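This report refers to the structure that appears directly beneath it.
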Amino acid sequence: MINEGETGGKNFSELAIKYSKDYLGKIQTMPKVPVRGLSDFSVWYTPGVAAVSMEIAKDKDLAYDMTWKWNTVAIVTDGTRVLGLGNVGPEASLPVMEGKGLIFKYLGGVDAIPIPINVHDKEQIVNVVKAIEPAFGGVNLEDIESPKCFYLLETLRNEMNIPVWHDDQLGTAGATLAGLLNALKITGRNERDTKIVIVGSGAANIATIKLFEAAGFDIGNIVAVDSHGVLNPERDDMDVLMKTNPWKYDLGLRTNKKRITGEIKDAMEGADVLIAASKPGPGVIKGDWIKKMEKRAIVFALANPVPEIWPSEAKENGAEIVGTGRSDFPNQVNNSLVFPGVFRGALDARVRKINEPMIVRASKELALFAEEKGISEKYIIPTMEEWEVFPRVAAAIADEGVKENQARIRMSKEEYYDRAKKIISGNRGMIEKMMDQGLIKKVK
């Protein structure tokens, strides 16, 4: 018997290996200036380029106006937590980082450069990322193990003058918030009274809890569960967590105001919402546990490649709305809906930092886009094919960046939107024209 979605997953894997060999990678750099003869190089390179360097030497911010810095992001990873594969190393992370770069370009019009690094000590990673700051307008941290990723995001956010983002934390949290806001509307709930169970206490879910709090949810109504059971102040390992993972320790003190103890099934009893981002299933979440939730339950089973519970089983046992991390089921809760627009807006406003109020604003814009089209139990969040949502997210981030006093370039929301739409549609059109003309070849 073949489980839901299994054949598609196998086919995609086979095609990915074949095409990666045929195309020799997914992205490349290309000139954006005309080259008609040797005299052009005298402008773009020596001797003419020296004048550009001298101008930037007088005012380093001119690098935004005279080089690629205005539109370029570094995708930095040490390869210690790649997708669901774990610590496969920086070389094996490169195909994933290339894929990220492709999405950045096609959906956000952003030039993103993969930089897997053979450095794993957190202080050394900080030094490497800070050292490359002059070349980039932003940094996207990717696939770095927990709890190291929390330290890196917190430290680099505070010590760099360009936006630093960790997509496994912030992107996933932003998409989850957007989907949940619409799911609450459909099921008649509100942020303050909703009881939420979070299964898995890694990078994505810790950031999700913090973002929910920033969005107005009562953190005391959130119960987090990890591999050791329900997180609560009396748990035996809290003293250890205080030293090894202060971010989880903090949530252990402030969540779960009813002081529930036990395992996943104990936490789920009477809950309105389940958000799981733990380990691939099925069987991590049992159908009988869904039955213990409140009526009209909301279930997000976000593990890849196989969700913690199949959507059909969750629905058979009482869930009204089910989201997963996969594109072959309704309601794909995916960070790719967030980061292209977020960085488009962050770069256009030249923000110094992307903070939680800005991410909440982006999530609400995502939710609003879907609501305007007509939300239902099978459509609570836009899909990646609805490219029109990305300029809207960009404008929301940029506009909130102005309000948060993080923006170097201050424009109206409408001006940010027009700029983002022009850049994104222009890049999509360029890629599509290259495909039509055979400059991007079709491999059989």
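Here are some notes:
- Test: I196 is closer than 24 Å to G323 by Cα, surrounded by 15 or more Cβ atoms within 10 Å (Cβ to Cβ), of a type in the set (A, V, I, L, M, F, W, C) and touching a strand residue (DSSP E or B) at 6+ places or on another chain (Cβ under 6 Å): yes
- Extreme residue, nearest to the chain's Cα centre (by Cα), among residues of the stretch 277-291 that are crowded, with 22+ Cβ neighbours inside 10 Å and either at pLDDT below 95 or not in a helix (DSSP H, G or I) (or both): A277
- Test: residue in the stretch 9-22 that is part of a loop (DSSP other than H, G, I, E, B) and farther than 26 Å from P280 by Cβ: no
- Among the residues of the stretch 58-81, those that are of a type in the set (S, T, Y) and assigned to a strand (DSSP E or B) comprise T72, T77.
- Among (1) surrounded by fewer than 21 Cβ atoms within 10 Å (Cβ to Cβ); (2) of a type in the set (G, A, S); (3) within 18 Å of I380 (Cβ to Cβ), the one test that A319 misses: (1)
- Residues considered: V393, V402. Of these, the only one that is closer than 21 Å to N335 by Cβ, in contact (Cβ under 8 Å) with a residue 12 or more places away in the chain and assigned by TED's automatic domain parsing to the domain that holds V360 is V393.
- Of the residues making up the stretch 56-104, just one is touching a Ser or Thr at 6+ places or on another chain (Cβ under 7 Å), closer than 20 Å to I117 by Cβ, aliphatic (A, V, I, L, M) and at pLDDT 95 or above, namely M97.
- The combined condition, being farther than 27 Å from E98 by Cα and among the hydroxyl-bearing types (S, T, Y), is fulfilled by T194.
- Close contacts from the stretch 16-31, counting a first residue that is of a type outside the set (G, A, S) and a second that is in a loop (DSSP other than H, G, I, E, B) and loosely packed, with under 12 Cβ neighbours inside 10 Å, with Cβ to Cβ under 7 Å and a gap of 6+ residues or different chains, come to Y19/V443; D22/V443; Y23/V443.
- Note on the stretch 66-84: residues that are over 17 Å from the mean Cα position of the chain (by Cα) and over 21 Å from V126 (Cβ atoms) amount to 5.
- Only one of G179, G171 that is buried (at least 24 other Cβ atoms within 10 Å of the Cβ), in contact with a helix residue (DSSP H, G or I) (Cβ under 8 Å, 6 or more places away or on another chain) and within 16 Å of A297 (Cα to Cα): G179
- Of all residues making up the stretch 85-127, the number that are farther than 28 Å from A398 by Cα and either hydroxyl-bearing (S, T, Y) or under 15 Å from the mean Cα position of the chain (by Cα) (or both): 1
- Within the stretch 302-314, the set of residues being assigned to a helix (DSSP H, G or I) and more than 21 Å from L181 (Cβ to Cβ) comprises S312, E313.
- Screening the stretch 207-244 for residues that are assigned to a helix (DSSP H, G or I), out of contact with any Lys or Arg (no Cβ under 6 Å at 6 or more places or on another chain) and aliphatic (A, V, I, L, M) and picking the one that is farthest from P357 (Cα to Cα) gives V240.
- Failed criterion for E154 (all others in (1) closer than 23 Å to D266 by Cα; (2) of a type in the set (D, E); (3) outside the structural domain of G252 (by TED's automatic domain parsing) hold): (1)
Yes/no matrix, rows are residues, columns are (1) surrounded by 15 or more Cβ atoms within 10 Å (Cβ to Cβ); (2) closer than 28 Å to K295 by Cα; (3) over 21 Å from the mean Cα position of the chain (by Cα):
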residue: N205; (1), (2), (3): yes, yes, no
residue: E213; (1), (2), (3): yes, yes, no
residue: I219; (1), (2), (3): yes, yes, yes
residue: T244; (1), (2), (3): no, no, yes
residue: K258; (1), (2), (3): no, yes, yes
residue: G270; (1), (2), (3): no, yes, yes
residue: I275; (1), (2), (3): yes, yes, no
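The values are calculated or read from the model by the stated rules, or taken from the named source; none is laboratory data. From a predicted model like this one, the values you see are computed outputs, not experimental measurements. Counting neighbours? That spans all protein chains shown, and the Cβs are built from the backbone with ideal geometry, glycine included.
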